[in-house]
Amino acid sequence: MRLRFSFARLDQLKYLSHLELMRLMIRAFRRAALPLEYSRGFNPHPLFSIAAPLPVGVTAEREFADLSLSEPVEPALFLELLSRQLPAGIELAGAGEAGPQAPSAASLVNAALYLARQNSRSGLPAGAREDGAWQAAVDCLLGMPAIVVKRRGGRDDSGTVDIRPLIISIKVQEQEDSACLRAPALELLLRAGSAGGISPFVVLGELGIPAGLHGLKDEDLPWQLHRCGLYIYNQEGGLRLPLPEGGLFHWIKS
Amino acid sequence: MDPGRRLDELLPLVQKPPRYLGNEWNAVHKDHQAAAVRAVLAFPDLYEVGMSNLGLQLLYEAVNRQPGMLLERAFAPATDMEELMRRHEVPLFALESRRPVREFDLLGFSLQYELSYTNVLNMLDLAGIPLHSERRQEGPLVIGGGPCAFNPEPLAPFFDLFMLGDGEVALPALLRALARLKKEGADRRETIAALAALPGVYVPSFYLPVYRDGVLQKIEPLHLAAPPQVSKNIVADLNSAPYPTRPLVPYIAAIHDRAVLELFRGCSRGCRFCQAGVIYRPVRRRSRSKLKELACEILRSTGYEEISLASLSSSDYPAMDSLLRELAAALPGDKVKYSLPSLRIDSFSVSQADLLRQGKRGNLTFAPEVASPRLRRVIKKNISEEALFGTIADAVKAGWRSFKLYFMIGLPTEEEEDVLAIAGLCRELASRFRGISGGRLRLSASVATFVPKAHTPFQWEPQLSQEEVKARQRLLSQSFRQIRGGGLSWHDAETGFLEAVFARGDRLLSTVLEQAWRKGCRFDSWSEHFSLQRWQEAFREAGLEPEAYAYRRFGYGDPLPWDHLGSGAGKDFLIQEHRLAMAESKKRLPEEAAPVKRGGD
């Protein structure tokens, strides 16, 4: 059977890479003695996939993943068995059965919602701007017909890509925290997943915000990046969760 | 500011932040208030290297299982993190609690290899602990254990004491004694003197090496509690001794990402260059039923997919086939892979190999060390050519295509023809088996440089000069070029040289070590950090010559800097072994009169 489940990644484990997160999960499945289904061929591996890789340094509250089991396991039981084997820093949010022919979460998900917030600190944070300046910067960026950045990675250094189509929306949220009056939170809805996505760090970089890891001078105030959710986005502007069709999804009440 | 928070702010700025988290699966976070004694195990290399060390896992669980005591870990921070720590005045911290290491009662270094010594000094400095034992008033006791404790003299001024031999019983015992001494209000001096009475404990400040004209005369015990020779600790029964059944599971890929099962400790072979074989003696095995029990628990508590059956010479485990079959039957059927490092050519069988890898066959590794019959007898690693060819033939027939062979050059009595024989052997293997394997045989040879080690029959022998080592490496490299499917790698001659200097070193070297560290030497076993030039300056400034250490030939009667440390092998035995080796060298057996014709010579 195929299980789709949702999980959160908290602060303690936000520095794990995608591969490290995969390995963590697979070991947890084995500790829970779940009847894993393996791929065929020379190097069998569990049939497990995460809907969209989570960038290093980003916490998340509603990620999705698919797991194939060789024997049926009730979603509620699955959640209980697996929770016991997960370290602090990963929490399960829910699970449900997906049909064997149903498309994978990885193939469905095409959008991600992020919240970028500055860490609060006493004193004026670096990167702070005048009131209204953030909105102006966002409007300016979104108003551009194209945002051309260098293509990262790959053999082809000369390549550039226009990332404007990959940004669905950016909203400026004023924070209530008085220490951060001049540093509001930004809500970014970006394309993600196998059809093509953009890293939130790149977008923040285009807004002049140094948020990526490495190369940061430690005088720059680190921004916290949180992925609020993964979605299926359609042209009419609708956002849907990649839940399995038909079946019941068992959410854990927190 | 709370150290944890300061650290959290540095994490986004460094490579591989999970090195510094301390929240791995099976990490033990004990309450500091409830512990009568608190210790840190410091591994003087990067997290990824230290976490692959079985000894670390063993001691971690052995201590943490005991009530009233705790053990946390500290590793050498990578250079990017070190720079930030110094800049922001964050002292060396223990991973689990993030408390500064200097707040603990005991700081224990795992001394696995000589080139980690500058990291030891660097970690002491980062911790804010005075480098020299005699200058410490308060703060943790600084102790050392592991293979280098059998000749730790270059480190002597920096350590309060060393522990020789097995640690899984002795370390908890020492911590219990320390807890009691703390409660009784003993001061530092009294504490060290009391601990010196424990078996296997060596307090360097209780001994004085006496020199005349720069030559060591003797090592004099200065204290009533100091025996003329310290005996190592031996755990007699490994079946009842602690073993980590809930090992730490790192998030980032350690060098080896699998469960480790120690089949037995010690080695019965007695190869004459090998120090591990001596210091881990006597051979003590775990029973098959115990191993099954441990394997099941470890896989259950970790979720690992691979289990390594480790020992110095794993295939020597009696009835290995039965063990493998029983393990396969006992372990949950889900695709558990086994690996058997350290295979002995003459006790390995392909049926074992088949039980090991399900599906994809990786590498099979053997260590012939030498390729000429005479040298085989000299080093007493007498695996005949037929045995090697036979084993590889079986493996190739069973489908194995990739082999790694370990060799060693610079051994005593070696000549150029012995070095060429290595290439000849590989050439012969390649050509003979290429046919059977359908042309896809991969043979990679890794050539180490002999380092004369303390407590071995070759401890009196000098190391081959760097120039000569490089010449022999070049010779091999040229001969290897013609071998199709063959690859050759070797150890850098300069690091091998420095290793020999410290392996045979005495206390005088401690000034060089400190000077080298002050000049910025760190991570000496990493080629991107090693700087021979800085080391040479350090030697010059200390007025010492490294060649005098690496190239000195000792006489049987010469006092050795490690004579006061007992490895379990008496000097008479070692002398006898050395004599036999030299005698073997002079013999020419009839079959060696006409060397085997090798194609392509």
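Values in this text are rule-based calculations from the coordinates and carry no lab data. Model, not experiment: these values are computed from the prediction. Neighbour counts run over all protein chains shown; Cβ positions are idealised from the backbone, glycine included.
Does region B:56-195 come out rounded, prolate or oblate, given a ≥ b ≥ c as the square roots of the eigenvalues of its C-alpha gyration tensor, rounded meaning a/c under 1.5 and, failing that, prolate meaning a/b above b/c?
Rounded.
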Span from the region B:70-104 Cα centroid across to the region B:270-316 one, whole angstrom: 32 Å
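Roughly how crowded by other chains is peptide A:43-56, in terms of the mean Cβ count from those chains within 10 Å of each of its Cβ atoms?
Details: counts 3, 5, 2, 3, 0, 0, 0, 0, 0, 0, 0, 0, 0, 4.
Shielding by partners across A:43-56 averages 1.
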Neighbour-count order for B:T79, B:T456, fewest beta carbons within 10 angstrom listed first: B:T79, B:T456
Average partner coverage of A:22-29, which counts Cβ from other chains inside 10 Å: 4
Prolate/oblate/rounded call for region B:3-57, Cα gyration tensor, a/c under 1.5 rounded: oblate
Proximal charge balance of B:K470 [Cβ under 14 Å; K/R count +1, D/E count -1]: -3
Full-extension gain in nm, B:V210 to B:A253, via 0.36 nm per residue minus C-alpha separation: 10.7 nm
Whole-Å semi-axes of the ellipsoid equivalent to chain B (Cα gyration tensor, √5λ, descending): 39, 31, 24
Residue order, fewest to most surrounding Cβ atoms within 10 angstrom, among B:F43, B:F389: B:F389, B:F43
Computed FRET value (nearest 0.05) for B:V28 with A:L142, which takes r as the C-beta separation and R₀ as 60 Å: 0.75
Packing-based ranking, highest mean first, of B:103-110, B:16-23 given that Cβ atoms within 10 Å are counted: B:103-110, B:16-23
Cβ-defined net charge surrounding A:F64, 15 Å radius [Lys, Arg +1; Asp, Glu -1]: 0
At R0 = 30 Å, FRET efficiency that the Cβ-Cβ distance of B:Q536 and B:F573 yields, to 0.05: 0.20
At R0 = 35 Å, FRET efficiency that the Cβ-Cβ distance of B:S351 and B:R65 yields, to 0.05: 0.40
Charge dipole of the protein assembly as shown about the Cα centre (unit charges at C-beta), most positive-ward option of A:G197, B:C274, B:M163: B:C274
Listed peptides B:557-568, B:509-520 by packing density, highest first (mean Cβ within 10 Å): B:509-520, B:557-568
Placed amide H near B:F159: partners under 5 Å, 5+ positions off or other chain: B:S133
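Over 19 Å between Cα atoms: which of B:K292/B:K337; A:K14/B:K16; B:K453/B:K571; B:K381/B:K587; B:K292/B:K397 fall into that group?
B:K292/B:K397
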Shape of region B:49-117, Cα gyration tensor, a/c cut at 1.5: oblate
Length added when fully stretched, B:K182-B:S431, from 0.36 nm per residue minus Cα-Cα: 82.9 nm
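Within a 10 angstrom radius of each residue's Cβ in A:31-41, how many Cβ atoms of other chains show up on average? Whole number is fine.
2
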Cβ-defined net charge surrounding B:P67, 12 Å radius [Lys, Arg +1; Asp, Glu -1]: +2
Cβ-based exposure ranking for B:F159, B:F573, B:F206, in which fewest neighbours within 10 Å come first: B:F573, B:F206, B:F159
Lysines with Cα under 26 Å of B:K183, excluding same-chain neighbours fewer than 8 positions away: B:K30
Anchor A:K150: aspartates and glutamates whose Cα lies under 19 Å away (excluding residues fewer than 8 positions away in-chain): A:D162, A:E206
Burial ranking of peptide ranges B:142-150, A:88-96 (average Cβ count within 10 Å, highest at the top): B:142-150, A:88-96
Trypsin sites (Lys or Arg not before Pro) restricted to region A:19-102 and DSSP loop, no more than 14 other C-beta within 10 Å: A:R40, A:R84
Two-decimal log10 I(q)/I(0) for region B:428-582, as the Debye equation yields it once each C-alpha is a single scatterer, q = 0.20 Å⁻¹: -1.21
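Any chance you could run the full-extension gain for B:H132 through B:A328? It's 0.36 nm times the residue separation minus the Cα-Cα distance, nm to one decimal.
Computed gain between B:H132 and B:A328 is 65.4 nm.
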